[in-house]
Amino acid sequence: MNIIIAKSYDELSRKAANFIISQVTLKSSSVLGLATGSTPISTYSYMVKKFKEDEVNFEDVISFNLDEYIGLGKENNQSYRYFMEENLFSKVNINENNINIPNGLADDIEKECISYEERIKNAGGIDLQLLGLGRNGHIGFNEPNVKFEAITHKVELDEDTIEANARFFESAADVPTEAISMGIKTIMMSCKVLLLASGKNKAEAVKALVKGPITPSLPASILQLHRDVTLILDEEAASLL
Ligand code: F6R
């Protein structure tokens, strides 16, 4: 595991953007796995900046987001589709047809999960998967006591995740309780993984991810077995290492 400790959230974001841009520079048709949440917001801003400065071209990039809430569509400003449009897609030249995010409004969620996994396979698999880290050690919406062998599937969100995500909604009662998420197996099959963590409230999960036992109760711990993982942490997130 390659661990990079940045002095600040800003430095972490610059390094993460450069990492992703290098991937796209080396392979213009890269398949990127993308994440939402607070952590990558500034990474996406730096990617947009580099695009505007003509330093990267997303024309041939294919993207697959990790997850989406069930029941929220792209017009809902809390959906992950909306988040991605706001923070990245509408600001760079990615081709609309190359954007993939699970459809939280699908009539048949089971079918949507199977087709999402097939679309990833048909694209040739994920070259670089970007991840955030939940305070409870989740990656994507793979909550504690996850099945490591799971592929894209429907998940019930953990109480801690609902509470953590309530900051984006009027109240915790408005946070959807179900989502579609890539599974741990989907994530583990990516060629490269880049995980970002910032702030003191992630320090325990980072410590368990790096130094703890590999256990379904800390889903991110499975990354110890991945062949090409980079963590970019700020000093607070790395403070217990
Ligand atoms: C987002 C996702 C989640 C977040 C995690 C951390 O697509 O899958 O696993 O990465 O909850 O969220 P933040 O960055 O808001 O702390």
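The values are calculated or read from the model by the stated rules, or taken from the named source; none is laboratory data. All of these numbers come straight from a predicted model, not from anything done at the bench. Cβ coordinates were reconstructed from backbone atoms using ideal geometry, including for glycine residues, and neighbour counts include every protein chain displayed.
Data for the structure
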read-out: Filter pass, SER38 being at negative phi, within 17 Å of the chain's Cα centre (by Cα) and not β-branched (Val, Ile, Thr); value: yes
read-out: Test: residue in the stretch 159-170 that is at pLDDT below 95, over 16 Å from the mean Cα position of the chain (by Cα) and among the basic types (Lys, Arg); value: yes
read-out: Some residue of the stretch 229-238 being surrounded by fewer than 24 Cβ atoms within 10 Å (Cβ to Cβ), more than 17 Å from the chain's Cα centre (by Cα) and either part of a helix (DSSP H, G or I) or of a type in the set (A, V, I, L, M) (or both); value: yes
read-out: The stretch 98-139, subset within 23 Å of SER42 (Cα to Cα) and more than 16 Å from the ligand (Cβ to nearest atom), residue surrounded by the most Cβ atoms within 10 Å (Cβ to Cβ); value: ASP127
read-out: Whichever residue in the stretch 60-73 is not small (Gly, Ala, Ser) and not in a loop (DSSP other than H, G, I, E, B) and, among such residues, is surrounded by the most Cβ atoms within 10 Å (Cβ to Cβ); value: GLU68
read-out: Scope the stretch 199-228; condition in contact (Cβ under 8 Å) with a residue 12 or more places away in the chain, under 14 Å from LEU240 (Cβ atoms) and in contact with a Ser or Thr (Cβ under 8 Å, 6 or more places away or on another chain); matching residues; value: LYS200, ALA203, ALA208, LEU209
read-out: Residue under evaluation THR186, criteria (1) modelled with pLDDT under 95; (2) of a type in the set (Ser, Thr, Tyr); (3) within 14 Å of the ligand (Cβ to nearest atom), criterion not met; value: (1)
read-out: Number of the condition not met by PHE168 [criteria: (1) surrounded by 18 or more Cβ atoms within 10 Å (Cβ to Cβ); (2) within 11 Å of the ligand (Cβ to nearest atom)]; value: (1)
read-out: Among the residues listed as ASN57, ASN95, ASN76, the single one being surrounded by fewer than 17 Cβ atoms within 10 Å (Cβ to Cβ), polar (S, T, N, Q) and modelled with pLDDT under 95; value: ASN76
read-out: Leading residue by the ranking (farthest from the ligand (Cβ to nearest atom)) among those in the stretch 7-44 that are within 22 Å of ALA164 (Cα to Cα) and of a type in the set (A, V, I, L, M, F, W, C); value: LEU12
read-out: Test result for GLU236, over 19 Å from ALA16 (Cβ atoms) and of a type in the set (D, E, K, R); value: no
read-out: Answer residue from the stretch 79-92, given it is outside any helix (DSSP H, G or I) and within 13 Å of the ligand (Cβ to nearest atom) and is surrounded by the most Cβ atoms within 10 Å (Cβ to Cβ) among those; value: LEU88
read-out: Residue tally, condition over 22 Å from SER38 (Cα atoms) and either buried (at least 16 other Cβ atoms within 10 Å of the Cβ) or of a type in the set (S, T, N, Q) (or both), over the stretch 203-215; value: 2
read-out: Any pair with Cβ under 9 angstrom, 6 or more apart, that starts in the stretch 30-50 at a residue that is farther than 12 Å from ALA17 by Cα and ends at one that is assigned to a helix (DSSP H, G or I) and modelled with pLDDT under 95; value: GLY37/ASN165; SER38/ARG167; SER38/PHE168
read-out: Filtered residue count, the stretch 189-202, keeping only those that are crowded, with 22+ Cβ neighbours inside 10 Å, over 22 Å from ILE114 (Cβ atoms) and more than 11 Å from the ligand (Cβ to nearest atom); value: 2
